[in-house]
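Take a look at the structure set out below.
The values are calculated or read from the model by the stated rules, or taken from the named source; none is laboratory data. Small disclaimer: the values here were computed from a predicted structure and weren't measured. Positions of Cβ are generated from backbone atoms using ideal geometry, with glycine treated the same way; all protein chains shown enter the neighbour counts.
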Amino acid sequence: MQLDQLQSLYQLPFFELLKKAREVHEAHWPDNEVQLCTLLSIKTGGCSEDCSYCAQSSRYDTNLDREMLMEKKEVMESARAAKENGSTRFCMGAAWKGVQDGTKKFDTVLEIVEHVSTLGMEVCVTLGELGEVEARKLRDAGVTAYNHNIDTSPEHYPEIVTSHTFQDRLDTIRCVQDVGMSVCCGGILGMGESETDRLRMLEVLSNFNPPPESVPINALMPMPGTPLEDKAPIDSFDLIRMIALARIAVPKSRVRLSAGRTGLNDEAQALCFFAGANSIFYGDKLLTAENPQSSKDKALLSKLGLSSQKPNPALMPPSAIENLPLDPAPVGA
Ligand code: SAM
Ligand code: DTB
Ligand code: SF4
């Protein structure tokens, strides 16, 4: 979709935009299901990059304890718990610039992925910059989607990050797509960007080839100590409009209502689901920040008559399918 088309949609009266988004949503996602994804920070803090929204950058004094790469056993415990709790996707994040083949840390990550991928969930990782070799190895280890956000428009990006470029982000995404792995790519609203920046971000995302499999829309959670700590929260109507536009711009992608749900009331979240959001981060914690309690999310989905996405073998890594029971358990067993 092009910028001028996004601009005309954005200018529509609120309910007209919602109506259009809802039509697209119903045509592509008739199931009333919301995907539940659980995040785990497998390596927290001490990141070399200067992303001005991020509590994990070592450039800012954010009062966050730096942690080493987690042990496989601990990761497996969290992943099993996420599955028990109803998540169908497990996303592991690491705070560092990127990964390189031949390093001990990359080998450890591959081993972690190999194990998590046997559990029967979609496996997502967000590990920063990588090349084609790393992408291929992650895919072969069982990663089903790679999260790498563009975060804002190309024009606004240098105001937010200087330690790498917007083009670096695109290059990583290209490598992921070239090896046939799904891309999860979105951004953050509320970082001082203009309306045009927001629409440009969607324009870039919708012109990926292929379009991203999922699009996380984060509302900035201002982190004390970061340059963006004092940013005012995004107006929830602006957020709902952006969700609606994302639904229209990338009709087949899952639109994930991501960070910042703790700042939204149930009614605003309900409108986001109506406008096309069909995925959330689920569980008390994001990477370092708070997320609504799972019990609260379950209650909200039930109040709205939405169900959580059922496990779907077609979306699981091959190693999970090998581990599925051959025959369904007898009824009542
Ligand atoms: N280091 C990897 C990277 O930069 O791609 C992965 C982790 S990074 C924390 C993943 C994404 O989380 C960022 O691209 C950003 O969209 C989101 N994020 C980080 N801090 C945030 C905040 N304070 N508020 C909202 N979203 C945030
Ligand atoms: C994404 O777009 N949002 C998630 C996930 N991808 C990795 C991360 C949100 C992080 C929120 C801030 C924190 O927990 O530190
Ligand atoms: Fe590092 Fe990622 Fe945070 Fe940027 S967003 S500082 S790359 S962890």
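Here are some notes:
- Residue that is nearest to T288 (Cα to Cα) [pool: residues in region 241-271 that are touching a helix residue (DSSP H, G or I) at 6+ places or on another chain (Cβ under 8 Å) and charged (D, E, K, R)]: R261
- Criterion applied to L286, L264, L239, L301 was being under 17 Å from the mean Cα position of the chain (by Cα), within 25 Å of K20 (Cβ to Cβ), surrounded by 17 or more Cβ atoms within 10 Å (Cβ to Cβ) and among the aliphatic types (A, V, I, L, M), and the one residue passing it is L239.
- Residues (closer than 23 Å to P233 by Cβ and part of a loop (DSSP other than H, G, I, E, B)) located in region 51-60: C51, S52, Y53, C54, A55, Q56, Y60
- A count restricted to region 115-144 and to residues that are among the hydroxyl-bearing types (S, T, Y) and within 16 Å of ligand 2 (Cβ to nearest atom) stands at 2.
- Residue selected from region 147-206 under the condition over 16 Å from C51 (Cβ atoms) and of a type in the set (G, A, S), by the criterion farthest from the chain's Cα centre (by Cα): S194
- Within region 51-108, restricting attention to residues that are free of Cβ contacts under 8 Å to residues at least 60 places away in the same chain and polar (S, T, N, Q), the residue that is nearest to E229 (Cα to Cα) is S58.
- Taking (1) buried (at least 20 other Cβ atoms within 10 Å of the Cβ); (2) assigned to a loop (DSSP other than H, G, I, E, B); (3) hydrophobic (A, V, I, L, M, F, W, C) in turn, L69 satisfies each apart from (1).
- Scope region 122-149; condition at positive phi and within 10 Å of ligand 1 (Cβ to nearest atom); matching residues: G128
- Candidates in region 43-68 are the residues that are within 12 Å of ligand 3 (Cβ to nearest atom) and aliphatic (A, V, I, L, M); of these, the one that is farthest from G187 (Cα to Cα) is L64.
- Test: residue in region 150-161 that is assigned to a helix (DSSP H, G or I), crowded, with 17+ Cβ neighbours inside 10 Å and either at negative phi or touching a residue at least 12 places away in the same chain (Cβ under 8 Å) (or both): yes
- Residue in region 207-225 that is surrounded by the fewest Cβ atoms within 10 Å (Cβ to Cβ), counting only those that are under 14 Å from the mean Cα position of the chain (by Cα) and within 13 Å of ligand 3 (Cβ to nearest atom): L220
- Consider region 172-195 and keep the residues that are touching a residue at least 40 places away in the same chain (Cβ under 8 Å) and part of a helix (DSSP H, G or I). The one that is nearest to ligand 1 (Cβ to nearest atom) is T172.
- Subset tally (residues that are touching a Leu at 6+ places or on another chain (Cβ under 6 Å) and surrounded by 21 or more Cβ atoms within 10 Å (Cβ to Cβ)) for region 18-40: 2
- Residues in region 129-146 that are assigned to a loop (DSSP other than H, G, I, E, B) and surrounded by fewer than 20 Cβ atoms within 10 Å (Cβ to Cβ): G131 alone.
- Scanning region 246-266 turns up at least one residue that is in a helix (DSSP H, G or I), farther than 22 Å from E195 by Cβ, more than 15 Å from ligand 1 (Cβ to nearest atom) and at pLDDT 95 or above.
- Failed criterion for S57 (all others in (1) of a type outside the set (A, V, I, L, M, F, W, C); (2) surrounded by 21 or more Cβ atoms within 10 Å (Cβ to Cβ); (3) under 28 Å from K137 (Cα atoms); (4) more than 11 Å from ligand 1 (Cβ to nearest atom) hold): (4)
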